[in-house]
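The block underneath contains the structure these notes are about, expressed in structure tokens.
The values are calculated or read from the model by the stated rules, or taken from the named source; none is laboratory data. The structure displayed is predicted, hence computed values, not measured ones. Don't worry about glycine lacking a Cβ; one is built from the backbone with ideal geometry, like all the others, and counts go over all protein chains shown. Protein only, heavy atoms only, side chains kept; ligands, DNA and RNA dropped before computing areas. Shrake-Rupley method; radii C 1.70, N 1.55, O 1.52, S 1.80 Å.
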Amino acid sequence: MEDRKLHIVCHDVPYPPDYGGVFDLYYKIRTLHEAGVDIHLHCFTSGRDEQPILKNYCEQVYYYPRRTGHKGFSHQLPYIVCSRSNPELLDRLLQDEYPILLEGVHCTYLTQDDRFAKRKILLRLHNVESVYYKQLASCSTSWFKKLYYLRESAILRKYERRIASTWPVLAVTQYDADMAAVTYQSKKISVIPVFLPFQHIESPQGTGCYCLYHGNLSVDENEKAVIWLLENVFNDLSVPFLVAGKNPGPKLRRAVAKVKNCCMVSDPSDQELKDIITKAQIHVIPSFNCTGVKLKLLNALFNGRHCVVNGDAVEGTGLTEVCHLAEGAKEFKLIIEKLYERPFTFMDLQLRREKLLNKYNNQHSAGLLIAQIW
């Protein structure tokens with residue numbers, strides 16, 4: 001077998017895979033290891049500990065502190081990039097000629113260094129970040145956060161175009177690939193789906209007990225989605241609605257408490273969340289952000305029953321056929337009432353298997369990635 005050695009630079013420590021931003025990283029590392037790739041892993045740290053388990057899949061694992069606060073700010077560079085600048089990382093990458101996979105625009109500070117001009121480098125695009133940050137601004141209720149997100153979006157727009165015209169870009173959805181082709185004017189863009197922990201459809205047949213929204217509830221976009229559902233969809237529906245996820249804030253707790261037939265499960269364990277997903281009848285997943293891929297939706301599709309989404313949640317993902325599409329509160333209500341008593345059938349299960357298992361196959365995706373690198 002060809003000797004395959006690869007540097008992977010991650011914006012965060014990719015274990016445990018307990019939020020959407022690291023799912024793809026961790027399961028990609030595991031799958032590439034199984035495919036015989038020797039991985040030299042470089043992780044930026046900010047609130048997440050070093051993880052010995054990563055040594056099971058990597059030849060070397062290095063950690064670098066992120067420069068948070070005012071130390072990470074620059075007038076020319078996005079904060080998510082400048083705060084991840086580290087001369088030790090650059091020196092280490094220059095000790096050999098192995099290809100480099102940069103996990104997200106966050107990790108692209110080395111574009112400032114001419115020593116990497118002829119190096120084989122690929123950029124994994126988790127979101128079109130300039131668009132993502134602009135949409136975060138629209139979701140935030142904090143003026144300070146709004147100003148930060150808008151500033152970051154403006155700087156990212158210029159920065160992304162410069163770096164993406166240089167290297168091959170690996171998008172997670174066709175929508176992001178198409179947007180990057182226009183926004184970045186890049187001709188070297190391909191799609192490699194996210195790597196996932198689930199490789200089998202385990203959605204239970206029959207009927208469940210409630211409607212569910214799950215996710216990281218401290219994220220502005222997710223909080224906005226839940227409050228929109230509470231105020232506009234479940235405000236006068238008689239079906240039970242459960243909200244589950246990490247770190248809900250006081251504003252969200254108050255909003256849940258005001259609505260009858262609604263309750264919250266805060267900070268469930270992985271097993272508890274899996275049980276909650278399995279017992280739900282309908283997963284209600286509106287989104288106010290059309291870039292990237294929604295891991296909460298894929299989790300529901302692989303492990304839950306009916307999924308009701310809006311267009312932004314599935315834009316460019318190829319998942320429309322296995323979801324029920326609704327735009328606006330009235331359509332969400334009508335579809336929820338229609339599906340609440342409808343069993344999830346064997347035919348529904350087969351459709352998901354047909355549409356999902358070929359697309360979201362870790363081994364196949366690893367093969368596509370390896371073909372891009374070597």
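Inside region 294-374, counting only helices (runs of 4 or more DSSP H) that do not spill past its ends, which hold 2 or more residues that are over 20 Å from the mean Cα position of the chain (by Cα)? The helices (runs of 4 or more DSSP H) meeting that bar are 329-339, 346-356, 362-373. The single residue among LYS158, LYS118, LYS146 that is without any contact (Cβ under 8 Å) to a residue 12 or more places away in the chain, open to solvent by 10 Å² or more (accessible area, probe 1.4 Å) and part of a loop (DSSP other than H, G, I, E, B) turns out to be LYS118. Among the residues of region 321-374, just one is open to solvent by 50 Å² or more (accessible area, probe 1.4 Å) and in contact with a Cys (Cβ under 9 Å, 6 or more places away or on another chain), namely HIS324. Apart from one condition, ASN216 fits all of (1) touching a strand residue (DSSP E or B) at 6+ places or on another chain (Cβ under 7 Å); (2) within 24 Å of PRO193 (Cβ to Cβ); (3) crowded, with 22+ Cβ neighbours inside 10 Å; the exception is (3). Of the residues that sit in region 116-151 and are in contact with a Leu (Cβ under 7 Å, 6 or more places away or on another chain) and within 19 Å of LEU6 (Cβ to Cβ), which one is modelled with the lowest pLDDT? Among residues in region 116-151 that are in contact with a Leu (Cβ under 7 Å, 6 or more places away or on another chain) and within 19 Å of LEU6 (Cβ to Cβ), the one modelled with the lowest pLDDT is LEU125.
Selection of region 60-88 for residues being among the hydroxyl-bearing types (Ser, Thr, Tyr) and assigned to a loop (DSSP other than H, G, I, E, B) yields THR68, SER74, SER83, SER85. What's the number of the only condition in (1) over 21 Å from SER74 (Cβ atoms); (2) buried (at least 21 other Cβ atoms within 10 Å of the Cβ); (3) among the small types (Gly, Ala, Ser) that ALA164 fails to meet? Looking at each condition in turn, ALA164 falls short on (1). The conditions of being under 25 Å from THR166 (Cα atoms), open to solvent by 20 Å² or more (accessible area, probe 1.4 Å) and assigned to a helix (DSSP H, G or I) are met by ASP91. Taking the criterion of being surrounded by 20 or more Cβ atoms within 10 Å (Cβ to Cβ) and part of a loop (DSSP other than H, G, I, E, B), would at least one residue in region 168-180 satisfy it? Yes. When every residue of region 63-80 is checked against the conditions, at least one turns out to be in contact (Cβ under 8 Å) with a residue 12 or more places away in the chain and over 30 Å from ALA154 (Cβ atoms). Checked against (1) among the small types (Gly, Ala, Ser); (2) surrounded by 15 or more Cβ atoms within 10 Å (Cβ to Cβ); (3) modelled with pLDDT of 95 or more, GLY206 meets all criteria but (2).
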